[in-house]
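Report on the structure given below.
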Amino acid sequence: MTQSTDAGKQLRDFVKFSATVTGFSEFDLWGTGQAEGYYKTVLNQEGPDALQKAMASHPHTVPADPVVNSIIKLWYVGVWYGPELVGRVDVAAWTAPGRSGAKPAVPDYSRPEGTRSLAVSGQHQAGEDPAHGGQERKPLFVVSPDAYTEGLLWRAIGAHPSGAKAPGYGSWANPPVFED
Amino acid sequence: MSYDDTDQVIFPAGAATQTSAAEAAQGEWDAVVVGGGMAGCIIAEQLGQAGYKVVILEAGPGKDMDLAEYESYLSRFYGAVVKDNQSPYPFNPNARMPRSTDTMPVNPGTPRDDFYLVQEGKYCTDTTFTRVLGGTSMHWEGKALRMLPEDFDLRTKYGQGLNWPLSYDDLEPYYRKAEAELGVAAEVEDQAYLGMHFPKGYVFPMHRMPLSYLDQTVAGGVDGMRVTLADDEYTLQVRSFPQARNGVPNAAYDGGKGFVPVGAVSTSQVEEGERCQGNTNCVPICPVQAKYHSGKTLAKALGRGNVKIVTQAVASKVEIDEHDEHKRVTGITVKKYESLHSEKYQTYTVKGTVYILCAHAIENARLMLASDMQRMSRSKLIGRNLMDHAYLLTWGLLPKPADTMRGTTCTGGITDLRGGRFRRTQAGFGVDIHNDGWGWATGSPYTDLVELVDKRGLRGRELRRTLGNQISRQLLLAFMIDLLPDRNNTVTVDDRYKDALGNLKPVVSLKIPPYTMRGAALARKLATDIFDKLGAEDRTTYDKDSYSAVEHDGQWYNIVGGNHLAGTHIMGTDPANSVVDHTQHSWDHDNLYLVGPGSMPSIGTSNISLTMAALAFRSAAHIVKHLRAAKAPATVRS
Amino acid sequence: MSVSESEPAPDPKIKTIEELHDYLYKGLQLEHATLPPYLTALYSLHPGTNSDARHVIRVVAVEEMLHLTLVANVLNAVGGTPDLTKPNFVPNYPTYLPCGPTYFQVHLRPFSREALDTFLKIEKPPEATTEEDRFVPVDWTALGLTSDGMAPPPEELAELKESGSIFGLVPGEPTKRFSSIGEFYEEIIRGINHLEDQARQAGKTIFTGDRARQVTPEYFYSGGGDVIEVAGRDTAVAALNLVAEQGEGLYGGIYDSQGELAHYYRFQQLEKGCYYQKGDEPGKPSGPTLNVDWDAAYPVKPDIKLTDLTRDPEILAAAEEFNRFYATFLTNINLAYNGQPDLLLKAVWEMFRMRDSMNRLVRNPLTGHPGANAGPTFEI
């Protein structure tokens, strides 16, 4: 890491906190290679105070701090669902691999500006990095292509992300194995 | 393995860009092929092999098929917010493709870039096809079923649909050719049902894909189940599907010569995709190219030197000499656009001895209608009899974890109700056991995550365990239901709807008839019975407000698209009842062939690809004869 | 490597079947020894980057598995018993490989120019020009093992020979080593020829192994070369030649006899930034260009050991778990080479699981080693 020790400590604290709320070890979280990217995503999207507040909140407070929910989902699927999208199962449905059919109000950055810009506008150009670049808040984006493949969800369900980390020919004939 | 065997997947570097549209327009080609998908590549490869000069005109983007390009598709899929079945492929305003996410009733005021398929009715299909080099073979699932013998004469046998002008036996040798080209993994012992037969001693190129643990779980309940329909009793069983993806080669193939699987295509020697790894992502893209896509055939074709390709060239008009008694085609006019980011284009007309339209059912019809060819059609059937499989999804939660989300997208299913006398009154169907859970229907597992985290407030280990337990129990049964040809299911064009290049967009009208819905009603009931048998909780719900809602007998269902578009230029026995003859030769234009699923007069209960490929091989042989005659010095023509 | 089917040397080093078995065991150890360095480099690559390098290293690593299998087939064919589970079968990195007059060290290292340089050396050692050049005196002092140039005491020497720390020693002759791995295999082929000639004179053969112990093509698919079932002298020599050719190419060309680009030239493509294509001369690739991002790799601490991880208990636990898993993997491969070839198919699943474990290790920063990440230690 190239940051100052202070920034390094903040990142380590973020990972430590994330381990508690995700149920995966700090080793597993570092092992995704996404720690820094996710930390910056939360900082850029919600700012340091909101992150501080989220990390200080008790994990089982009701109602939960929505930023905590965003952080958990970020680690699980690599998607930033802003706190305003809390509970939006309809939005989640359209971000999952395999879904097809008419789409409700979900922004789609693969389109030119001004077309079907439902929740937010702006085209996600190749090379533009929503996690790190610009000040613009975006309620919904995939942090990076490898954020998708590093999602913890797939390990939690004893599988692999659709389209990556294949388990090998014929392995699917065996019963599932869950890591603990 | 000789050097040349491994060489066939080398895509000649620069081949996709070295022939300019201007050069193509100056050349004299033996054959002009429109579309670089499965049908077009097979035709081009076969004609190239016979020594003819062929040019392929491809609407999609123009880079070579190399690993970098392929991996850019994969990376786009990983990074896409919306991961529908077109998400790996770049948005291209100049050669749009339908996306299921665009499905909605359109009116002339709808912004031009919001949609490609124009559907004005209340029911809208979310069906798609892909317009990149390789066509829909890039995103197809890879099931490679043959049609049943009875599918070829449905009218005679059951008084429904249309007969084909050829039989299963006529097509059988070409099915074998297609199985070789696509590299099909299956066992004859599994596939010899409902009259499907194979020559003595035939084996598929590769052994069957192992059934998933989920399939085995379902088989535990399904095998031996009985269904009575039209006084006949059917016994169900879970059976493995033939798949066009690399598995274990069968040493007995081709009289003991064996089979060498074709892996990933690139411009340099790469060693990938010789065997499926179980990425569970056949649709929208196989990460390792273990699944067949037509780039594998294209690489062979281009490697010969006499086959060329022009990309970013959208066929916009079929030019016809109306004064010619045979109404011959005189050229294909293409709009060659500069890039995906510019609407600038130049127009060229490419000329050849024969023309073969291989742009898939909707684009073939769209192109012909936009070229005013219906006026010259004796049957007036261009764009009519549009078909697609009607999919009914049902989903339940199994009592125990069952391996969901592992394996290829689908390894096994139930095929016993594909055929039988009940087809007099209701549609047959095949049943797919989906290894990828409820995703298609509900957006799981992401929806589960939001439920558990946001609504139930789960955290830490409890969240992790609950997700594992919940998702691994998902079972989705997809019923692929026959949809018969109907003149009123159509592709048309309308001057009010144009794309960025000014080409007319396809206007689609597809209704799901009661015959199909009777099949859907049985499917729904069968799913309930199967879930019962398995002790699964039925979680199926249908939304009557969705564009896919269809009412039948007071019940609402959602019928979603199968991406198996067919039937817009059906084949038949004479110019009055069909657009092409049994060789896919146009009745109305002497030097024109329409090759692809559009020629199929019915689609039965198998996805269309293998049959389309078999038909393409068969037609290629006829086109070679046609060219031989046309180019023979003795036959001087006026 | 200068492996050939030339006339038997006047004085083959291998004079008994037991000696042949020993040499082939050493071959197994050697072929395996390249795997951890390749895997470490491969999985150190950042995801989504260095596609060209990823594919090149992956294919070579898979073909090293093929070589391991080919040597096991030869050993089985001559009545031996492969054993990948012996203590010290896996070297304690860095290990030494012979390179003409000198040795070079093979480290566990992340993808880098240095790593690539080592890989090129592994795959194309210099050739010996004369019979005498095939052997070189061992410079024990240069290896840092003795100060007086004499061989270490017998017990230490025995352990060294067993351990795979230094490859290429001539069994039974502690003062000499082979000038290259190619010469080592050349000696095996000479030994096979010699012993088989002798056996035939007595109306026998050395190929007495059970055919059922051979790994046949249905059990090994690589996307690269094909496995050869060894049933006699010709197939044994073909298998050992393939091991050599896949490294450096056939008859000075860039391809092997199966039309596969040789490993040396695969790696050289990364150095040259250009792919080879059909018809190219060695050193002059003319195919499509390729890109290497030398910085897009996790900074795995070179030759990392468990002792480096004491301040990171979670990483330590994962590294130990990886090593146990790797040991199990070797055990299963070994069973596959001992009459259960179908276990090789399952070994592929284990390879994929190890890939995921290694990926997690290399992304974990180490406490107390600024700028360095963890990695698999391969201490079995």
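The values are calculated or read from the model by the stated rules, or taken from the named source; none is laboratory data. Keep in mind that what you see is a predicted model, and the values were worked out from it rather than measured. Glycine also receives a Cβ, built like all others from the backbone with ideal geometry; neighbour counts cover every protein chain displayed.
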> Just one of the numbered conditions (1) under 23 Å from B:Leu182 (Cβ atoms); (2) part of a loop (DSSP other than H, G, I, E, B); (3) within 14 Å of chain A (Cβ to nearest Cβ) is not true of B:Glu71; which one?
Replying inline: (2)
>> Where the second residue is small (Gly, Ala, Ser) and not in a helix (DSSP H, G or I) and the first is closer than 27 Å to C:Gly375 by Cβ and at the interface with another protein chain (Cβ under 9 Å from one of its Cβ atoms) and lies in the range C:333-354, which pairs have Cβ atoms under 6 Å and are six or more apart or on separate chains?
In response: C:Val348/A:Gly168; C:Trp349/A:Gly168; C:Phe352/A:Gly168
>> I'm checking my understanding of the structure. Among residues of the range B:428-446 that are in contact with a Ser or Thr (Cβ under 7 Å, 6 or more places away or on another chain) and part of a helix (DSSP H, G or I), which one is nearest to the other protein chains (Cβ to nearest Cβ)?
In response: B:Tyr446
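Which residues, counting only those in the range C:69-109, are outside any loop (DSSP other than H, G, I, E, B) and of a type in the set (Ser, Thr, Tyr)?
Filtering the range C:69-109 for residues outside any loop (DSSP other than H, G, I, E, B) gives C:69-77, C:95-99, C:102-106.
Selection gives C:Thr69, C:Thr95, C:Tyr96, C:Thr102, C:Tyr103.
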>> Anything in the range B:394-416 that is assigned to a strand (DSSP E or B), surrounded by 22 or more Cβ atoms within 10 Å (Cβ to Cβ) and away from chain A (no Cβ under 11 Å)? List them, or say none.
In response: B:Thr394, B:Trp395, B:Gly396, B:Gly413, B:Ile414
> When you go through (1) closer than 25 Å to C:Ser112 by Cβ; (2) in a loop (DSSP other than H, G, I, E, B) one by one for C:Asn338, which number turns out not to apply?
Replying inline: (1)
> Considering only helices (runs of 4 or more DSSP H) fully contained in the range A:1-99, which possess at least 1 residues that are over 15 Å from the mean Cα position of the chain (by Cα) and at pLDDT 95 or above?
Replying inline: A:5-22, A:26-30, A:35-56
> Can you name the number of the only condition in (1) at pLDDT below 95; (2) surrounded by 18 or more Cβ atoms within 10 Å (Cβ to Cβ) that C:Thr289 fails?
Replying inline: (2)
>> Six or more apart or on different chains, Cβ atoms under 7 Å: show the pairs whose first residue is in the range A:155-166 and more than 7 Å from every other protein chain (Cβ to nearest Cβ) and whose second is surrounded by fewer than 22 Cβ atoms within 10 Å (Cβ to Cβ) and charged (D, E, K, R).
In response: A:Arg155/A:Glu179
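The rows are residues; the columns are (1) in contact with a Gly (Cβ under 8 Å, 6 or more places away or on another chain); (2) among the acidic types (Asp, Glu); (3) surrounded by fewer than 19 Cβ atoms within 10 Å (Cβ to Cβ); (4) at positive phi.
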residue: C:Glu132; (1), (2), (3), (4): no, yes, yes, no
residue: C:Thr146; (1), (2), (3), (4): no, no, yes, no
residue: C:Ile188; (1), (2), (3), (4): yes, no, no, no
residue: C:Ile192; (1), (2), (3), (4): no, no, no, no
residue: C:Leu195; (1), (2), (3), (4): no, no, no, no
residue: C:Ala202; (1), (2), (3), (4): no, no, yes, no
residue: C:Phe207; (1), (2), (3), (4): yes, no, no, no
residue: C:Gln214; (1), (2), (3), (4): no, no, no, no
> From C:Lys284, C:Lys272, C:Lys305, C:Lys301, which residue is surrounded by fewer than 21 Cβ atoms within 10 Å (Cβ to Cβ), within 14 Å of chain B (Cβ to nearest Cβ) and basic (Lys, Arg)?
Replying inline: C:Lys272
> So, in the range B:355-372, of the ones that are surrounded by 24 or more Cβ atoms within 10 Å (Cβ to Cβ) and part of a loop (DSSP other than H, G, I, E, B), which residue ends up nearest to the other protein chains (Cβ to nearest Cβ)?
Replying inline: B:Ala359
> C:Trp140 versus (1) farther than 20 Å from C:Leu242 by Cα; (2) modelled with pLDDT of 85 or more; (3) assigned to a helix (DSSP H, G or I); (4) not charged (D, E, K, R): which is the lone unmet condition?
Replying inline: (3)
>> Against the definition (among the aliphatic types (A, V, I, L, M) and either in a loop (DSSP other than H, G, I, E, B) or surrounded by fewer than 21 Cβ atoms within 10 Å (Cβ to Cβ) (or both)), how does C:Leu240 come out, yes or no?
In response: no
>> Residues that are farther than 21 Å from C:Pro365 by Cα and either of a type in the set (S, T, N, Q) or within 12 Å of chain B (Cβ to nearest Cβ) (or both): does the range A:35-43 have at least one?
In response: no
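Please go through the range C:308-332 and pick out each residue that is away from every other protein chain (no Cβ under 14 Å) and either under 19 Å from C:Tyr93 (Cα atoms) or outside any helix (DSSP H, G or I) (or both).
Our first condition is that a residue be away from every other protein chain (no Cβ under 14 Å); within the range C:308-332, this holds for C:308, C:310, C:323-324, C:326-328, C:330-331.
The answer is C:Asp308, C:Thr310, C:Asn323, C:Arg324, C:Tyr326, C:Ala327, C:Leu330.
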> Are there any pairs, at least 6 apart or on different chains, whose C-beta atoms fall under 8 Å, with the first in the range A:54-78 and facing chain B (nearest Cβ under 10 Å) and the second hydrophobic (A, V, I, L, M, F, W, C) and in a loop (DSSP other than H, G, I, E, B), and if so, which?
Replying inline: A:Pro66/A:Val86; A:Asn69/A:Val86; A:Ser70/A:Val86; A:Tyr76/A:Leu152; A:Gly78/A:Val143
>> For the structure I just gave you, tell me whether C:Glu123 is within 13 Å of the chain's Cα centre (by Cα), buried (at least 17 other Cβ atoms within 10 Å of the Cβ) and more than 21 Å from C:Ile166 (Cα to Cα).
In response: no
> Does B:Thr280 meet the test of being hydroxyl-bearing (Ser, Thr, Tyr), more than 30 Å from C:Gln269 (Cα to Cα) and within 14 Å of chain C (Cβ to nearest Cβ)?
Replying inline: yes
> Of these, B:Ala39, B:Ala31, B:Ala21, which one is surrounded by fewer than 24 Cβ atoms within 10 Å (Cβ to Cβ), more than 14 Å from chain A (Cβ to nearest Cβ) and in contact (Cβ under 8 Å) with a residue 12 or more places away in the chain?
Replying inline: B:Ala21
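Among the residues of the range C:143-166 satisfying the criterion of being among the small types (Gly, Ala, Ser) and in a helix (DSSP H, G or I), which is nearest to C:Asn92 (Cα to Cα)? Walk me through it before giving the result.
The initial filter retains those residues of the range C:143-166 that are among the small types (Gly, Ala, Ser), namely C:144, C:147, C:149, C:151, C:158, C:163-165.
In the following step, the residues that additionally are in a helix (DSSP H, G or I) were identified as C:158, C:163.
Working: C:Ala158: 15, C:Ser163: 8 Å.
Among residues in the range C:143-166 that are among the small types (Gly, Ala, Ser) and in a helix (DSSP H, G or I), the one nearest to C:Asn92 (Cα to Cα) is C:Ser163.
Out of B:Thr156, B:Thr136, B:Thr101, report the one residue that is touching a Phe, Trp or Tyr at 6+ places or on another chain (Cβ under 7 Å), of a type outside the set (Lys, Arg), within 28 Å of B:Ser509 (Cα to Cα) and assigned to a helix (DSSP H, G or I).
Numbers: B:Thr156 fails: touching a Phe, Trp or Tyr at 6+ places or on another chain (Cβ under 7 Å); B:Thr101 fails: touching a Phe, Trp or Tyr at 6+ places or on another chain (Cβ under 7 Å).
Checking each option against the conditions leaves just B:Thr136.
Go through B:Thr103, B:Thr136, B:Thr110 for me and flag whichever is surrounded by 23 or more Cβ atoms within 10 Å (Cβ to Cβ) and within 12 Å of chain A (Cβ to nearest Cβ).
Details: B:Thr136 fails: within 12 Å of chain A (Cβ to nearest Cβ); B:Thr110 fails: surrounded by 23 or more Cβ atoms within 10 Å (Cβ to Cβ).
Only one candidate passes the filter, namely B:Thr103.
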>> Looking at (1) in a helix (DSSP H, G or I); (2) at the interface with chain A (Cβ under 10 Å from one of its Cβ atoms); (3) more than 17 Å from C:Pro36 (Cβ to Cβ), which one does C:Pro370 not meet, given that it meets all the others?
In response: (1)
> Does B:Glu343 meet the test of being touching a residue at least 12 places away in the same chain (Cβ under 8 Å), within 14 Å of another protein chain (Cβ to nearest Cβ) and among the acidic types (Asp, Glu)?
Replying inline: yes
> Do we have C:Val227 as touching a Pro at 6+ places or on another chain (Cβ under 7 Å), within 14 Å of chain B (Cβ to nearest Cβ) and assigned to a loop (DSSP other than H, G, I, E, B) here?
Replying inline: yes
> Say we look at the range C:356-367 and pick out the residues that are within 8 Å of chain A (Cβ to nearest Cβ) and part of a helix (DSSP H, G or I); which of these is farthest from the chain's Cα centre (by Cα)?
Replying inline: C:Arg360
